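Notes follow the structure.
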Amino acid sequence: MIPPIDTRREARFWDGRQTPDSPDHRLRRRVESPQELWEDPDVEAIARGRYVDRILDACEPAPLEILELACGCGWLSLELARRGHRVHGIDLSPERIKSARDYAAAVSRVEPGLGALTHEVADLNAVVLPRRAYDRIVCWDGLHHIHAVHRLMEQIAVALRPGGKLVIFDHIGPAGPVQSAIDRGIAVAVVLIHQPGSFGTVIRRARAAERAPSEDVTGTEMIEAARSIFGRDRVRTETALAFGKRWLARMRGPRPIRLAAARLHCALDALAIRARLARGEYLYLEALQAGDAGA
C-alpha cells in the first residue's frame, strides 16, 4: 500500500524554496540549512560534482531525447540542452518550473546553439509517460521523495526506447544508526572547532530546519524497484559520500586549505566505501533498457 501524500503541501514546500535569482540547486537552501553541502558550491562540486559529469557523459552522443524527472529549477536540463540534446523536465513545483522556463528563455537569447528545452508541472507519483519516447531518463536527487517509486520505475521502462538508459544520482540515507551517529558527532566537532561562537545558532537552525513532507520516503527501495523492472544484470549501482554531508561546508580557514581538506576527505570516504567499512548516503544508478539502441 502506497502511503498517501499531500501533493499540494509538497508543491508549496518547494515553491517556497525557489528564488528567481538562484536557479542553481546548490543555492536553494542556503538560509534554511546552512550546514548542508550546497552552502558552498565549490565544496559540493568536490563531493558530488563527478556524478554530474557522469550523468552528462552517459547522455552521449547528442542529440538525444531526454526526460529529466524532478527537474526543479532546471539546472541539469539546461546543461544537457547545452550539449545539443532535446530535453523535457518534470517537477511538482509550479514556481520551480516557472523559474526553469524563465532561466532557459534568458539563456537561449545568448546561447543560440541550445537544444530544445521544455518543462511541465506533474506529480511523479501519478505521472503517465509516453511510450518509447526517450533515449535517456535522468534524475538528480529527487526519487527519494517519491512514494510510488515502483510505479514510477514501470513508467520509466515504458517511456525508454530499446537500448535507452535510466541514470540517477539520489539520496538513500545512512547505512544505520551507528554511521549516522558518527556523522552527526563529526558535524558537532567541526562546528565547535571552526565556529565555536555560533555553535548554539547552528544547532538551533539544524533542528528547526523544515523538511519536505516526503523527505526520504524512499531509500534503497529505488534499487530493488529498478532491478525488478529492468533485471538485475541490467542495473549498475554504487554509493558515495558516507560522511560529510552535514559538515563539509562548515569547515573554516583559508579557502585553498579548506578545499584541499574536502578533497582529502572525499578520497578517504570513497576508500572506506570500497573497503565496505561504510555505505554511501548517495546512490549512482544506471539501468539499461533491453533491446538494441535504435531498434
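The values are calculated or read from the model by the stated rules, or taken from the named source; none is laboratory data. Keep in mind that this is a model prediction, so the values were computed, not measured. All Cβ positions, even for glycine, are placed from backbone atoms using ideal geometry, and neighbour counts span all protein chains on display. Heavy atoms of the whole protein, side chains included, go into the accessibility calculation; ligands, DNA and RNA do not. Shrake-Rupley method; radii C 1.70, N 1.55, O 1.52, S 1.80 Å.
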Cα convex hull volume per residue for the range 129-286 (Å³): 135 Å³
Angle, helix 255-274 long axis vs. longest principal axis of the chain, Cα atoms, 0 to 90°, nearest 10? 70 degrees
Scoring only Lys, Arg, Asp and Glu (+1, +1, -1, -1) among other residues with Cβ under 13 Å from the Cβ of Pro196 yields +2
Rounded, prolate or oblate: which fits the range 71-162 when a ≥ b ≥ c are the square roots of the eigenvalues of the alpha-carbon gyration tensor, with rounded for a/c under 1.5 and prolate only if a/b beats b/c? oblate
The answer for Gly163, listing residues at least 5 apart or on another chain whose modeled amide H is closer than 5 Å to its amide H, is Gln289, Ala290, Gly291
Once Lys and Arg are counted +1 and Asp and Glu -1 for all other residues with Cβ under 12 Å from that of Val235, the total becomes +1
Name all residues of the range 161-203 having a backbone nitrogen under 11 Å from the label point set 7 Å from the Cα of Arg132 along its Cα→Cβ direction, giving them as ranges. 161-163
Can you give me the angle between helix 221-230 and the longest principal axis of the chain, using Cα atoms only, in degrees from 0 to 90, rounded to the nearest 10? 20 degrees
If you roll a 1.4 angstrom probe over the protein chains with everything in place, what fraction of the accessible area of the chain belongs to carbon and sulfur, to the nearest %? 55 percent
Which value, in debye to the nearest 20, describes the size of the charge dipole of the chain about its Cα centre when Lys and Arg Cβ atoms bear +1, Asp and Glu Cβ atoms bear -1, and nothing else is charged? 580 debye
Between Ala122 and Arg50, with labels modelled 7 Å along Cα→Cβ, what's the label distance in nm to one decimal, could you check? 3.4 nm
Nearest 500 deg cm²/dmol is fine: what mean residue ellipticity at 222 nm does the chain get from its DSSP H runs of n ≥ 4 alone, each adding -39,500 (n - 2.57), divided by its residue count? -13000 deg cm²/dmol
Cα extents of the chain per principal axis, largest first, Å, are 59, 44, 40
Quick one: check the C-alpha center-to-center distance for the range 241-291 versus the range 217-235, whole angstrom. 22 Å
Given 11 as the ceiling on other Cβ atoms within 10 Å, longest exposed-site-free region of the chain for trypsin sites (Lys or Arg not before Pro) in DSSP loops: 1-130
Which length gain, in nm to one decimal place, applies between His194 and Arg234 when the Cα-Cα distance is subtracted from 0.36 nm times their residue separation? 9.9 nm
When DSSP assigns beta bridges and you keep just the ones with both residues in the chain, what percent turn out antiparallel, to the nearest 5? 40 percent
Hey, what's the chain come to in accessible area per residue, 1.4 Å probe, Å²? 46 Å²
